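**Q** I have a structure here, written as structure tokens, and I will follow up with some questions on it.
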Amino acid sequence: MRKLTKAALAIGLALSAGSAGIVRSQQSDELARGFQNPPPEARPHVYWLWLNGYVDPRTAEAELEAMKDAGIGGVLLFDMGARGDRSAVPPAGPAFLSDAWLNQLQESAGQAKRLGLQVDLSVVSSWDLGGHWIEPRHASMGLYQTQAEIEGGKPVDLTLPFPAPPAEAPKGPDGKPAFWRDVAVLALRDACRQPGHEFVFKLDPDGVHDLREVVMDNGNPRAPSDLAATMTPARDFTVAISSTGPRESDFAEVMHGSLAPNSGPQKFPFPAGSRGRYVRLRLLSGHDKARARLTLGEFMVL
């Protein structure tokens, strides 16, 4: 009796294992078939663009049938303006949501339904910024600037020139954009600093030094007459120091001064307690604004 019980148990286990293998095989087959022929809710959808609102009925029907044959599950119908070479874009179709446009929508939606394709519709034309119902103050905007040069050091009262808007921007009767407003007016010092007017020095010997003063001398530059005509002695300058490295973020500006145009040493003291490993000199302007080349005979850090 004990032997029969063991035999029955062994047979039961063998049958159970075989049943599990059959179930796994069936599940695997179903998964593979699902990829080969996915249900409608699992099929991809695509954009269907009606460029310029233009639709050829026969072409539209052929496109829907091609999408169905390719395994597409639905379309997002999007009425969109066309840009680029005007000779290559479709002609203008009916206005968005006009009777003619809605008739074509009804026809295409019926064809899609017959093919089992889902149709979603973008409720605006050309993204969310287009359409005559979008007021200019809610439409896409840009930030434009204009500038004027003035003499500083005194109050000024002037009207800044109006920026030139893009040609395609909607305009009012006065020729200005249909909507605009001032954002900010900034007064910035014109440093007249050219490339090469900035110098970074590493102090010798290497290490952090106590800094007392800088000595500068405009000197008497000698140059051919044609070159000398473009040169002017340096005037405004700044000095910054760094105790770590030569990167822009390492420096702290500690001095802003002006040089006399004559030759001879001119001393400028550092603030008390100044220490640094690197010193940066920026020449901001010269004594003759009409000349772009700045000259400096000597620069010393003590």
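The values are calculated or read from the model by the stated rules, or taken from the named source; none is laboratory data. Since this is a predicted model, take the numbers as computed values, not measurements. Backbone-built Cβ (ideal geometry, glycine too); neighbour counts: all protein chains shown.
**Q** Output the number of residues of region 62-107 satisfying the condition of being surrounded by 13 or more Cβ atoms within 10 Å (Cβ to Cβ) and either closer than 30 Å to PRO38 by Cβ or not small (Gly, Ala, Ser) (or both).
**A** Summing the residues that are surrounded by 13 or more Cβ atoms within 10 Å (Cβ to Cβ) and either closer than 30 Å to PRO38 by Cβ or not small (Gly, Ala, Ser) (or both) in region 62-107 gives 23.
**Q** Moving on to the next point. Looking at region 235-250, is at least one residue surrounded by 12 or more Cβ atoms within 10 Å (Cβ to Cβ), in contact with a strand residue (DSSP E or B) (Cβ under 6 Å, 6 or more places away or on another chain), part of a strand (DSSP E or B) and basic (Lys, Arg)?
**A** no
**Q** Collect the residues in region 255-302 that are hydroxyl-bearing (Ser, Thr, Tyr) and farther than 26 Å from ALA223 by Cα, keeping them in residue-number order.
**A** If the condition is that a residue be hydroxyl-bearing (Ser, Thr, Tyr) and farther than 26 Å from ALA223 by Cα, then SER274, TYR278 are the ones that fit.
**Q** Does ALA178 fit the bill of being modelled with pLDDT of 85 or more, more than 28 Å from PRO44 (Cα to Cα), small (Gly, Ala, Ser) and surrounded by 10 or more Cβ atoms within 10 Å (Cβ to Cβ)?
**A** Yes.
**Q** Just the residues that are in contact with a helix residue (DSSP H, G or I) (Cβ under 8 Å, 6 or more places away or on another chain) and in a strand (DSSP E or B), please, taken from region 143-179.
**A** PRO177
**Q** So for region 125-142 (the condition being outside any loop (DSSP other than H, G, I, E, B), of a type in the set (D, E, K, R) and surrounded by 11 or more Cβ atoms within 10 Å (Cβ to Cβ)), does at least one residue qualify?
**A** no
**Q** Would you be able to say whether some residue in region 111-120 is within 30 Å of TRP180 (Cβ to Cβ), in a loop (DSSP other than H, G, I, E, B) and not aliphatic (A, V, I, L, M)?
**A** Scanning region 111-120 turns up no residue that is within 30 Å of TRP180 (Cβ to Cβ), in a loop (DSSP other than H, G, I, E, B) and not aliphatic (A, V, I, L, M).
**Q** Could we say that ASP99 is acidic (Asp, Glu) and over 36 Å from the mean Cα position of the chain (by Cα) here?
**A** So ASP99 fits the description; yes.
**Q** Now, a different point. Here are some residues: LEU115, LEU49, LEU121, LEU97. Which one is at pLDDT 95 or above and of a type outside the set (Phe, Trp, Tyr)?
**A** The conditions single out LEU115.
**Q** Identify the single condition in (1) at pLDDT 85 or above; (2) more than 27 Å from ALA66 (Cβ to Cβ) that GLU151 does not satisfy, given that it satisfies every other one.
**A** Exception for GLU151: condition (1).
**Q** Sticking with this one: If ARG282 passes every condition in (1) surrounded by 12 or more Cβ atoms within 10 Å (Cβ to Cβ); (2) out of contact with any His (no Cβ under 7 Å at 6 or more places or on another chain); (3) not in a loop (DSSP other than H, G, I, E, B) but one, which one does it miss?
**A** (2)
**Q** Which members of region 205-222 meet the condition of being in contact (Cβ under 8 Å) with a residue 12 or more places away in the chain and either surrounded by fewer than 13 Cβ atoms within 10 Å (Cβ to Cβ) or within 13 Å of VAL279 (Cβ to Cβ) (or both)?
**A** Within region 205-222, ASP206, GLY207, VAL208, HIS209, ASP210, LEU211, ARG212, GLU213, VAL214, VAL215, MET216, ASN220 meet the criteria.
Results for (1) modelled with pLDDT of 70 or more; (2) not charged (D, E, K, R), shown as yes or no for each residue.
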{"residue": "LYS3", "(1), (2)": "no, no"}
{"residue": "LEU13", "(1), (2)": "no, yes"}
{"residue": "GLY73", "(1), (2)": "yes, yes"}
{"residue": "ARG83", "(1), (2)": "yes, no"}
{"residue": "VAL89", "(1), (2)": "yes, yes"}
{"residue": "ALA92", "(1), (2)": "yes, yes"}
